[in-house]
Amino acid sequence: MLGIKISKNGESVNTSDDNLAFSSDFFTPKIYKIKKYTSNTTEAHGLDYAPMFIALYNNALLAGTDVYTIGASVSVDSANVKVFMPSSATEVWVILFADGIE
Amino acid sequence: MKFRVAKQGFDVNMAKVGELAIDERLMTMKVALSGTLEVDLPAETIVAGGGIVNKDYTDTVTHGLNRVPLFFPMVGRMYLDPDSASDIVLNDYRQSTTSTLELALVQVTDEQLRLFVSRTAIVVDKTFAAHKVTLYYTLFYNCLEELDLSIS
């Protein structure tokens, strides 16, 4: 099997996986899109499978517009990303990965 | 220049975007720093006096990135068991299914990552158990900036 391994500085690539800075044997999440939403939205994400994602929102009402927390009502399917704004938020950020939910 | 490695079982020349282990068109997550946030909550009784009284505890790390970074674990708001005498690690804690009087909140700004725990007594006095609340965090250089690497 072909692949790529990169060791940490000063380490051998042939020893423990702990000494690797990168290995194609392991899963590496890859960011595909980062987008800010300011209203309830359903839109196509451009992939033909349901991607991994992270969502953050700002709790503008209680904490301030520049303070962000993991969460928000976001869902994905094989076509769309759907964003439902929390009542206390003015922004929801969605980080979509090219990697599917498998 | 192209730099792509297919996942095991896929041909790199035919693989679609989700079938690649490395793809130079996409952005990977790059760790900026990792560490621990911790608040040591004492055994205490919060006197409500017929109203609502909060007592807050916070630990913060100043990350120095000057932008709002992504972070792991994906912990936002979590209701904790106020009667638990056991320490709580938020990374593997299953939160209460109903709201309790002890709420943990993880917040990030362009300067800090914060672990915030709020204890509340509503109308009647509330006694809380002593426990430590810990968050093992990883902060990334990747930040909240719009980005579209859509590949046609």
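Here is the figure for region A:21-35: residues that are assigned to a strand (DSSP E or B) and at the interface with chain B (Cβ under 7 Å from one of its Cβ atoms) total 6. Within region B:98-111, the set of residues being of a type in the set (Asp, Glu) and in a strand (DSSP E or B) comprises just one member, B:Glu102. Filter region B:97-116 down to the residues that are among the small types (Gly, Ala, Ser) and under 30 Å from B:Asn142 (Cα atoms) and list them by number. The answer is B:Ala104, and nothing else.
Residues in region B:1-35 that are under 22 Å from B:Leu147 (Cα atoms) and more than 11 Å from every other protein chain (Cβ to nearest Cβ): B:Met1, B:Lys2, B:Ala32. Looking for something touching a strand residue (DSSP E or B) at 6+ places or on another chain (Cβ under 7 Å), more than 20 Å from B:Glu44 (Cα to Cα), open to solvent by 40 Å² or more (accessible area, probe 1.4 Å) and basic (Lys, Arg) - is there at least one such residue anywhere in region B:106-114? Looking through region B:106-114, at least one residue is touching a strand residue (DSSP E or B) at 6+ places or on another chain (Cβ under 7 Å), more than 20 Å from B:Glu44 (Cα to Cα), open to solvent by 40 Å² or more (accessible area, probe 1.4 Å) and basic (Lys, Arg).
Only strands (runs of 3 or more DSSP E) wholly contained in region B:34-97 count here; list those with 2 or more residues that are open to solvent by less than 60 Å² (accessible area, probe 1.4 Å), among the β-branched types (Val, Ile, Thr) and out of contact with any helix residue (DSSP H, G or I) (no Cβ under 9 Å at 6 or more places or on another chain).
Filter on region B:34-97 gives B:52-62.
When residues in region A:67-101 are screened for being at the interface with chain B (Cβ under 9 Å from one of its Cβ atoms), closer than 9 Å to A:Pro51 by Cα and free of Cβ contacts under 8 Å to residues at least 60 places away in the same chain, 1 of them pass. Looking across region A:36-47 at every residue that is part of a strand (DSSP E or B) and more than 9 Å from A:Val92 (Cβ to Cβ), the one that is nearest to the other protein chains (Cβ to nearest Cβ) is identified as A:Ala44. For region A:42-88, taking the residues that are polar (S, T, N, Q) and buried (at least 20 other Cβ atoms within 10 Å of the Cβ), the one that is modelled with the lowest pLDDT is identified as A:Asn59.
Whether a residue is within 15 Å of the chain's Cα centre (by Cα), more than 26 Å from A:Leu96 (Cα to Cα) and in contact (Cβ under 8 Å) with a residue 60 or more places away in the chain was assessed, and B:Thr134 passes this test.
Against the conditions (1) away from chain A (no Cβ under 14 Å); (2) surrounded by 14 or more Cβ atoms within 10 Å (Cβ to Cβ), B:Lys132 satisfies every one except (2).
Could you say whether any residue in region B:73-89 is modelled with pLDDT of 95 or more and within 14 Å of another protein chain (Cβ to nearest Cβ)? The answer is no; no qualifying residue exists.
The values are calculated or read from the model by the stated rules, or taken from the named source; none is laboratory data. Keep in mind that what you see is a predicted model, and the values were worked out from it rather than measured. Cβ sites come from the backbone with ideal geometry, for glycine too, and all protein chains shown count toward neighbours. Side chains are part of the model used for accessible areas, which takes the heavy atoms of the whole protein and leaves out ligands, DNA and RNA. Shrake-Rupley method; radii C 1.70, N 1.55, O 1.52, S 1.80 Å.
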